[in-house]
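Some notes on the structure that comes next.
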Amino acid sequence: MLVQIPSVFTPEEVGECRDLLEASRWIDGNATAGHQSRLAKRNRQLAEDDPTAIKIGGRILSALQADPLFVSAALPLKVFPPLFNRYEGGENFGTHVDNAIRRSRVSGGQIRTDLSATLFFSDPDEYEGGELVVEDTYGVQRIKLSAGSLVLYPASSLHHVTPVTSGTRLASFFWIQSMVRDDGCRTLLFDMDRAIQRLATADPLDASVVSLTGIYHNLLRRWAEI
Ligand code: NI
């Protein structure tokens, strides 16, 4: 399942973050690459312990914790401290799968990467290329969102970023360990939650809302690992 979370940040918040990012020190992106992806990766990043990365990363995590769509789609157990990348001058990231387990140099903790997330800090008209291309069960998805919006996709997917041939693409990327490991089960819960929300909006007193909410939680109780 691939889910877009619009407007995690307002345009003003994006502007504040970009000012900080522009003033930061960008290093070779291979600092965090695994063995295979090192061959494919051509971009720059902030160091994991860069003060700007820690500051904006904290803002991202606070915004997402308060975002019902994110919580419903990801059912997050742990979120990796957000990293930041920058592509320009033809930089790209060839086809790869993200490492299954990641250890944070900042927190010292490790997570299983069930979901990958990209939060865009550049608008699509600011750069050419730079599409995130994800090979989903339903085919190939090409993603280029407005600044402040986020995409969630299964970390098990093959994906790549096409060359940025003009302009600059700034983004944050990170991973989520979900309470529900299996993407298919998580998708069922997300679809069910959305249907319940629609039903509850149409008729808050509908007895089916109570029944379906109970079924949702009983499925979550069956599948969740915490
Ligand atoms: Ni990746």
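Within region 148-226, what whole-number % of the accessible surface is contributed by carbon and sulfur, with the 1.4 Å probe and all protein chains included in the calculation?
For region 148-226, the apolar C and S fraction of the accessible surface comes to 60 percent.
From largest accessible area down, sort I54, I60; use a 1.4 Å probe on the protein chains.
Of I54, I60, the descending order of accessible area is I54, I60.
Computed over the Cα atoms of region 85-182, what is the ratio Rg over Rh, Rh following Kirkwood?
Rg/Rh: 0.98.
Amide H to amide H, which residues 5 or more places from K41 or on other chains are under 5 Å from it, using H placed in the peptide plane?
Result for K41 returns G94.
Stick to Cα atoms and the Kirkwood definition of Rh, then tell me Rg/Rh for the chain.
0.99
Please list the radius of gyration and Dmax for region 130-198, considering alpha-carbon atoms only, with Å as the unit.
Radius of gyration, then largest Cα-Cα span, for region 130-198: 14.5, 44 Å.
Suppose R0 equals 41 Å. What FRET efficiency, 1/(1 + (r/R0)^6) with r the Cβ-Cβ distance, do T137 and E12 give to the nearest 0.05?
Result of the calculation: an efficiency of 0.65.
Please identify, among T162, T95, T137, the residue showing maximal mean-square fluctuation in a Gaussian network model of the chain using a 10 angstrom Cα cutoff.
Ranking T162, T95, T137 by mean-square fluctuation puts T137 first.
Mind giving me the FRET efficiency for R112 and A195? R0 is 35 Å, r the Cβ-Cβ distance, nearest 0.05 is fine.
With R0 = 35 Å, the Cβ-Cβ based efficiency is 0.80.
For the chain, the longest stretch holding no trypsin sites (Lys or Arg not before Pro) located in a DSSP loop with at most 15 other Cβ atoms within 10 Å is which?
26-104
Want the number for D206 to L39: 0.36 nm per residue separation, take away the alpha-carbon distance, what's left?
Working it through step by step, the gained length comes to 54.6 nm.
When the accessible area of region 1-120 is split by element with a 1.4 Å probe, what percent falls to carbon and sulfur?
After summing per-atom areas, the C and S share lands at 53 percent.
With the other protein chains left in place, how much accessible area per residue, in square angstrom, belongs to region 1-72 at a 1.4 angstrom probe?
On a per-residue basis, 53 Å².
Under a 1.4 Å probe, what is the accessible area of region 77-195 per residue, stated in Å²?
39
Work out, step by step, the length gained on full extension between T165 and A100: first 0.36 nm times the residue separation, then minus their alpha carbon distance; give nm to one decimal.
Stretched fully, the T165-A100 segment lengthens by 20.4 nm.
Can you list the residues, at least 5 places off or on another chain, whose amide H is less than 5 Å from the amide H of A155, using H built in the peptide plane?
Counting only residues 5 or more places away or on other chains, the set is L115, S116.
Which FRET efficiency, nearest 0.05, do Q65 and E128 yield, Cβ-Cβ r, R0 41 Å?
E between Q65 and E128, to the nearest 0.05, is 0.75.
Can you list the residues, at least 5 places off or on another chain, whose amide H is less than 5 Å from the amide H of G129, using H built in the peptide plane?
T165
Compute a Gaussian network model of the chain, connecting alpha carbons closer than 10 Å, and tell me which residue from G57, G108, G90 fluctuates the most.
Fluctuation is largest for G108.
The values are calculated or read from the model by the stated rules, or taken from the named source; none is laboratory data. Quick caveat: nothing in here was measured; it's all calculated off a predicted structure. Note that each Cβ is placed from the backbone with ideal geometry, even for glycine, and that neighbours are counted across all protein chains shown. The area values use the complete protein model at the heavy-atom level, side chains included, leaving out ligands, DNA and RNA. Shrake-Rupley method; radii C 1.70, N 1.55, O 1.52, S 1.80 Å.
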